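Worksheet for the structure shown next.
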Protein chains: 2
Amino acid sequence: MTGTGRGSGGAEAAPASQQGMRRRNLAVVIGVVAAHGPLSRADVAGHTGLTRPAVSSMADELIGRGALTETETAPSGRVGRPGRALALNDRGPAGLGLEIGVTRLAACVVDLRGEPRVWRRVERANAGRPAGEVLAEAAALGAEAESEAAALGLRVEGRVLAVPGVVPNEPGGLVANAPNLGWQALRPADHWPDPDTAPEPENEANLGALAEQWYQGNPAGTFVHVSAEAGIGAALVIGGQLFRGARGFAGELGHLPVHPEGARCACGARGCLEQYAGEAAVLREAGLGRVGDPVALLAERAGAGDAAALRALDRAGRALGLALTSAVNLIDPDGLVLGGAYAELADWLLPSIRAELAARITVRPWTPEAVRPSALGRRGPVLGAAWSTVREIIADPTRLPAR
Amino acid sequence: MTGTGRGSGGAEAAPASQQGMRRRNLAVVIGVVAAHGPLSRADVAGHTGLTRPAVSSMADELIGRGALTETETAPSGRVGRPGRALALNDRGPAGLGLEIGVTRLAACVVDLRGEPRVWRRVERANAGRPAGEVLAEAAALGAEAESEAAALGLRVEGRVLAVPGVVPNEPGGLVANAPNLGWQALRPADHWPDPDTAPEPENEANLGALAEQWYQGNPAGTFVHVSAEAGIGAALVIGGQLFRGARGFAGELGHLPVHPEGARCACGARGCLEQYAGEAAVLREAGLGRVGDPVALLAERAGAGDAAALRALDRAGRALGLALTSAVNLIDPDGLVLGGAYAELADWLLPSIRAELAARITVRPWTPEAVRPSALGRRGPVLGAAWSTVREIIADPTRLPAR
């Protein structure tokens, strides 16, 4: 055995530089204003430990880049003249989120504070339609949202597209596979009318998880976000960071074997979660066809006490509980979040999910409340898509052009 | 919905400072020497992008702290006088690894290059013995190893103790639970004869995974390391970092429900992996009692073609394959490593593990070779314990006292 040459203990780091230091401190200043603002320059110094002159230099640059504004504050209880306070600019840089779902298109623009300012949503049956046609419609919806945002003084700095498919960890914006749309090895940019506004695609479950994290204001949390559109997706947020897996395939909860000798899945394996808790399986078990908005229909039937719908949702919840037992044992999250369609069906899914987890998670502390529905429901992915640009700007405001 | 105050997108970072920059650059220099050394100062500058004077200043400090040495190199093919080269010091700082297993105690000292220089290992039945007695023996073994290391010019800078139990994410060195030793809520430091040499406990599966990573020289890899001692443990290495979970319970593979309505487990749940692939279950299925070294006995029987042993290992492999299908679907690792006792039984476990994975992992690329036995086997945890100190020194050499 030899140890030589195996000692670096981590990827080789780039050396630290003066520019890197300034970039990091710009992020520290905007991060503190985002978390605690509006704040005076003195308060920013107090929060960060940076000197007053350093804070002023950073603040001036952030104002110059359009990220912060400085406004007169109302006189506080303290004696003296009214101060000036730094705040995130709500008439400046913004993020555009787009979504191509199986049954809808959506667009949303958020400002730097994370506030949604423009919404667009249209029902569309996108499964099996030519991808170019779907993408052109999405681009038109995005352009409408951008011009409405421009009228509010907002300037879109980044565009992200939520898709119900696998987006590998590689540059170039490839959607490897979106079975419910009928897409395979497709780059949305290749079909986008205007190359300058082509969005970066990302898996909708991942974006739903980022939205949940942002909305909860828990920047360092570790949780599993489970959502359902036509398929079942899960996303892992670890210490505040989305974990995409070695190649971008993490969170494939729908193909965990919950009943190893059970029903044959479309994927070829047996007893996958999707055969018990996927949309098609639940609708079949509930005796319903796939018409209109199946999630709303299921909720309506279950709410009215329909026995088949209740049985289908209970069976789905038990299967989800089994798969989530594996997730909890492997990942040890702080909590589990039911997003997307599952959030809207949570009243009927939660009891059986919680019962399975309570019976099966015995070697660690666990409380039923650790599983909860998302407040964002089916809006999560498009919000997450819009927020991801804002999140990147706040992590590195030098992404904004200096003015 | 409000976005204000939720915008920081990550835990609040500390501002960058001149000291922080120097610390980081010291780590960059030692990291490059660890990965590519011996290297001249000019070569270090070339690898890192740091200036020659900066490299010289860092190198002098690292030599002063005992982390590097500078030696005359043999004349290379190039014209000119022989150069001097920086290398990791093999007569300086070192790490002590200790292990308390169910049937043994072990100690190991590694130098900064990661080379094991001292080994100690004794067979001991530790289950159910008074913890104070076991810990005193481990301390004596560690002291012996340290004095042998001192005779080689090595100075132990950190001590880590591998235990087959849960070590939560909190300071204070608590072992929450080590059922196979009979420990509960125990702090090894409270029973250690000399407080100055009390080691930091860590779960043995986690240390086995770190050892594997070090040994493979894959500093940014993402893999799941599965090992078995009396229980089943798994550890997740994500992008080169050990992932311990929100509270330190990640990797509890032994309690994944592989057959939801199956055998009742000691944990209270049904159909846990441990009931099919745990040591007790495999020995029972193979018709063997728990005598001497059960792993060696199983390997001997299976090697001789004993039908019951082969059946027991095949059943264990299939159950492991089911649990690992869940791990692959959730985490998307580059690979899976069988460590500890499983490494020594890999000839009989691998075929059924690989067959299950091939049949069940259908929605992503997967090759049978992605599952492989560890070359370290049961030495992994104690090596990982020793290496973890060296790893920390290389990540931050200012941990070493300046001289």
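The values are calculated or read from the model by the stated rules, or taken from the named source; none is laboratory data. A quick note: this is a predicted structure, and the numbers were derived from the prediction, not measured. Virtual Cβ from ideal backbone geometry, glycine too; neighbours counted across all protein chains shown. Ligands, DNA and RNA are excluded from the accessible area calculation, which covers all protein heavy atoms including side chains. Shrake-Rupley method; radii C 1.70, N 1.55, O 1.52, S 1.80 Å.
Some notes on this structure:
- For residue B:42, the point set 7 Å out from Cα toward Cβ sits 5.6 nm from its twins in the other copies, listed from shortest up.
- Burial ranking of peptide ranges B:197-204, A:194-201 (average Cβ count within 10 Å, highest at the top): B:197-204, A:194-201
- Tail beyond 37 Å, pair distance distribution of chain B (Cα, percent): 30
- Here the Karplus relation 6.51 cos²θ - 1.76 cosθ + 1.60, evaluated at θ = phi - 60°, turns the backbone of the stretch B:60-66 into coupling constants of 4, 5, 5, 5, x, 7, x Hz, with x for every Gly and Pro.
- Nm distances between copies for residue B:367, ranked from closest, using label points 7 Å along Cα→Cβ: 4.8
- For residue A:183, the residues whose modelled amide H falls within less than 5 Å of its own, excluding neighbours fewer than 5 places apart on the same chain, are A:178.
- Other protein chain Cβ atoms within 10 Å, averaged over every residue that makes up A:257-265: 4
- Using θ = phi - 60° in the Karplus curve 6.51 cos²θ - 1.76 cosθ + 1.60, the 3J(HN,Hα) couplings for the stretch B:90-106 round to 9, 10, x, x, 8, x, 9, x, 10, 9, 10, x, 5, 10, 7, 10, 9 Hz; x is entered for Gly and Pro.
- Chain B versus the axis that turns it onto chain A: the residue with the nearest Cβ and the distance in whole Å amount to B:326, 2.
- Accessible surface buried by the A/B pair amounts to about 7200 Å², both sides summed, 1.4 Å probe.
- Whole-number percent relative contact order across chain B, with pairs defined as alpha carbons under 8 Å at least 6 apart: 17
- Rolling a 1.4 Å probe over the heavy atoms of the protein chains gives the stretch A:125-167 an accessible area of 36 Å² per residue.
- Most mobile listed residue (A:94, A:323, A:304) in chain A, GNM with C-alpha springs under 10 Å: A:304
- Each copy carries a label point for residue B:155 at 7 Å from Cα toward Cβ; from one copy, the others' points are 5.6 nm away, ordered from shortest.
- Average silhouette area of the stretch B:20-73, convex hull of alpha-carbon atoms, in square nanometres: 3.4
- Under conditions of 25 °C and 0.890 mPa s, the stretch A:22-139 yields 146 µm² s⁻¹ as its translational diffusion coefficient, taking Rh as the Kirkwood radius over Cα pairs in the Stokes-Einstein equation.
- Gaussian network model of chain B, Cα within-10 Å springs - most flexible of B:375, B:312, B:355: B:355
- Amide H contacts of residue B:68: B:63, B:89, each under 5 Å away and 5 or more positions distant or on a separate chain (H built 1.01 Å from N in the peptide plane; Pro and chain starts excluded).
- For the residues of B:362-370, the average number of beta carbons from a partner chain within 10 Å of their own beta carbon is 4.
- Taking only protein heavy atoms and a 1.4 Å probe, the accessible area of the protein assembly as shown is 51% carbon and sulfur.
- The Kirkwood radius of the protein assembly as shown, taken over pairs of alpha-carbon atoms, gives through the Stokes-Einstein law at 4 °C and 1.567 mPa s a diffusion coefficient of 45 µm² s⁻¹.
- Computed from backbone phi with θ = phi - 60° and the Karplus coefficients 6.51, -1.76 and 1.60, the 3J(HN,Hα) list for the stretch A:386-391 is 5, 5, 5, 5, 5, 4 Hz; x is used for glycine and proline.
- Partner shielding of A:381-388 amounts to 1, given as the average count of beta-carbon atoms from other chains within 10 Å of each residue beta-carbon.
- The stretch A:238-269-the stretch B:237-261 distance, computed between alpha-carbon centres (Å): 15
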